[in-house]
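Data first, discussion second: the structure below is written as structure tokens.
Every read-out reported here was derived from the displayed coordinates using simple, explicitly stated rules and does not represent laboratory data. Nothing here was measured: the structure is a model prediction, and the numbers come from that model. Neighbour counts run over all protein chains shown; Cβ positions are idealised from the backbone, glycine included.
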Amino acid sequence: MQLSPFLVLLQLNNFVVMTEEKLFYDLLRRMIEQSVGRTMQSPTDFEVLRDKISERCGITLSDSTLKRFWGYVRSYDKVRISTLDSLARFVGFAGWDGFVEYAEKGGETSDFVMGGSLKSSDLVAGDAVTVVYPPDRCCVFCRTEDGFVVEQSKNSKLKEGDVFKCDVFIVGEPCYLYDLSHEGKDGLTYVIGKSNGLSSVKKGR
């Protein structure tokens, strides 16, 4: 049966949408795997990821949901936006829309070089990161062997000497600090630049 030009164009557009969506999913999967240091190949990997998402973001995603997203088990269901939001938050974005915007602006799928951002994995102990966020807050974080320590804090609730972990600092996006130790309390999660994201990120003091 011959398809009309309209139907052919419609099918092509759907193919483009699906291809672009798949690229976004693949990029998100690899960024998450890089963050946890696992390649999601066994039930244990998904259990570890589930627990890390809960610890870092206070969100519960089931093992089966994660397995479906990775294709570890077959599913014909469309991925829920709530799932995509949670996974995007896990790697430092405000949500799925922020992640897609980053990807559309040229997010690299090969080495994850992000414009206006720094990944903790690109830093070594002793390196400093300076972040600025509205309205007039500025902090300097020093990289340690397993996280960061607050070296300077201006107009922020963070205190000098606080320690935390963070995977990525991205301009224009909120920054999620986890395993934060602050004023005698451990295991906290704290968001900086919650409303408008980070204004600037630079390596150094």
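Packing here is the average count of other Cβ atoms within 10 Å per residue, and on that basis the peptides 55-64, 179-188, highest first, run 55-64, 179-188. The range 72-96 and the range 132-175 have Cα centres lying 26 Å from one another. By the rule of a C-alpha distance below 24 Å, with chain neighbours fewer than 8 residues away ignored, the lysines paired with K165 are K52, K119, K154, K157, K185, K194, K202, K203.
How far apart, in nm, are the 7 Å Cα→Cβ label points at T39 and D26? So the two model labels end up 1.6 nm from each other. Here the Karplus curve 6.51 cos²θ - 1.76 cosθ + 1.60, taken at θ = phi - 60°, turns the phi angles of the range 193-199 into couplings of x, 4, 7, 10, x, 6, 7 Hz, with x standing for Gly and Pro. Couplings for the range 22-29, taken from phi via the Karplus curve 6.51 cos²θ - 1.76 cosθ + 1.60 with θ = phi - 60°, read 4, 4, 4, 4, 4, 4, 5, 4 Hz in order; Gly and Pro are left as x. A Förster radius of 35 Å, combined with the Cβ-Cβ distance separating D97 from A128, puts the computed FRET efficiency at roughly 0.70. 3J(HN,Hα) along the range 85-94, derived from phi through the Karplus expression 6.51 cos²θ - 1.76 cosθ + 1.60 where θ = phi - 60°, amounts to 4, 5, 5, 5, 4, 4, 9, x, 9, 5 Hz, with x in place of Gly and Pro.
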